[in-house]
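What follows is a set of notes on a single structure, which appears directly below.
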Amino acid sequence: MDPLLLVVDDEPPIREYLTRCGNGSGFRVVTCEDGLQALNFLETQSADMALVDLCMPHVDGLQVIRAIRGKDPHCQVVLMSGASGRITDAVEAIKLGARDYLQKPFKMQTLQALLSEVRQGIDRRKSALALENELASEFNLCGMVGRSAPMQELFAMVRRLAPHVKTALITGESGTGKDMVAAALHQLGRRADRQCLAFSCAGVTELMAESDLFGHVHGAFQGATEDRAGAFERAHEGVVFIDEIAELPLAVQGRLLRFLEKGQVQRMGSLDTRFVNVAIVAATKRDLRTEMMAGRFRRELYYRLSTVELHVPPLRERKEDISYLANAFSRECAGRLGKSVAGLTVPAENLLRRRDWPGNVRELRNVIEHACMMCDGDLITERDITHALGHAGSAQ
């Protein structure tokens, strides 16, 4: 999509003339007949370049420039003034961040050269952003994004261990992406062509957990109207991902330990056993050592599962990854929505890095998705992020 040029001038002939010049230089042009209209436009949208008249009723050009610079420092702003314009106004505009100062009447060659130069600069910046996004893909492992040292170390361990994993334990706070680490172990392992079944222990009863993992036969309990294979049988030769393993009832923990020792599954209500070959990847947000001390988790099961233990660091400990994650999420969301969003402005990224993100990557993704839906330009702005953060806060 062509870059957007905002023309703010109270004289219709000037607006018409600048529109023709802008279109001829490859810009989309939006015009505003006074400063107030421009401020209303800037409430919801952003521009790549702005030509702003100094003297207008109600709201003057300097106020418009302040609004533009406060929203998007990448916008190239040029102040325009009549022959009676004061040099002090030009100086003030430059101090506010204006790129240049044009005095009316314009010289055609000067205006065209300026538009061409700005257009080339915008194209270079967007090309650089595209390159940065391309480089960011190098810090991607099976959908996980991370340039920081802790994540690069985690990626290296996953690549090295995945072909050999029979049991693994993934630890980390809620929302850090433990399920994605499990998926990477599956995708990079020798069982990648086999299925990976997921089971969450959160809120499950002993009966439900035992039935879902080990299966049951008809009549094993009230409501068991037919024979049913459990996750281990159904995932034979593949992987079972057991999420929130700390929530698994103690009695079922004992059955899981015996399965890990013998590789045999016995359905509820049956005397028959079946040999099953699966890799088991478990995940927890709790400290299992604390759970063991409290008698809520079996010590032998912990040692069995933690032959390979991988820790996913919280987002507050790898803040250099935030920009890469945010840009990746914005591109992903833009693709789904059919929008032209290519990334975030620098102030928007700075705002994200100032937060601790108690909900980790999951929270960041939700904020970026909301900001992407609100965004009207090619880049998510600080205003979009602020609105998304307010929405996320009210939803909690």
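The values are calculated or read from the model by the stated rules, or taken from the named source; none is laboratory data. Note that the structure is predicted; figures quoted are calculated from it, not measured. All Cβ positions, glycine included, derive from the backbone under ideal geometry; neighbour counts span all protein chains shown.
Per-structure values
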{"item": "Residue among A209, A184 that is in contact with a helix residue (DSSP H, G or I) (Cβ under 7 Å, 6 or more places away or on another chain), modelled with pLDDT of 95 or more and more than 18 Å from R318 (Cβ to Cβ)", "result": "A209"}
{"item": "Residue in segment 143-152 that is among the small types (G, A, S), in the same structural domain as F275 (by TED's automatic domain parsing) and buried (at least 21 other Cβ atoms within 10 Å of the Cβ) present", "result": "no"}
{"item": "Selection from segment 137-156 of residues that are modelled with pLDDT of 90 or more and part of a helix (DSSP H, G or I)", "result": "A149, P150, M151, Q152, E153, L154, F155, A156"}
{"item": "Unmet criterion (only one of (1) surrounded by fewer than 19 Cβ atoms within 10 Å (Cβ to Cβ); (2) in contact (Cβ under 8 Å) with a residue 60 or more places away in the chain) for S46", "result": "(1)"}
{"item": "Residue check for E134: part of a helix (DSSP H, G or I), under 35 Å from the mean Cα position of the chain (by Cα) and at pLDDT 75 or above", "result": "no"}
{"item": "Any hit, segment 158-167, residues being surrounded by fewer than 19 Cβ atoms within 10 Å (Cβ to Cβ) and assigned to a strand (DSSP E or B)", "result": "yes"}
{"item": "Matching option when the condition is outside the structural domain of R289 (by TED's automatic domain parsing) and part of a loop (DSSP other than H, G, I, E, B), among S330, S323, S340", "result": "S340"}
{"item": "Failed condition for D376, given (1) of a type in the set (D, E, K, R); (2) more than 18 Å from E173 (Cβ to Cβ); (3) not in a loop (DSSP other than H, G, I, E, B)", "result": "(3)"}
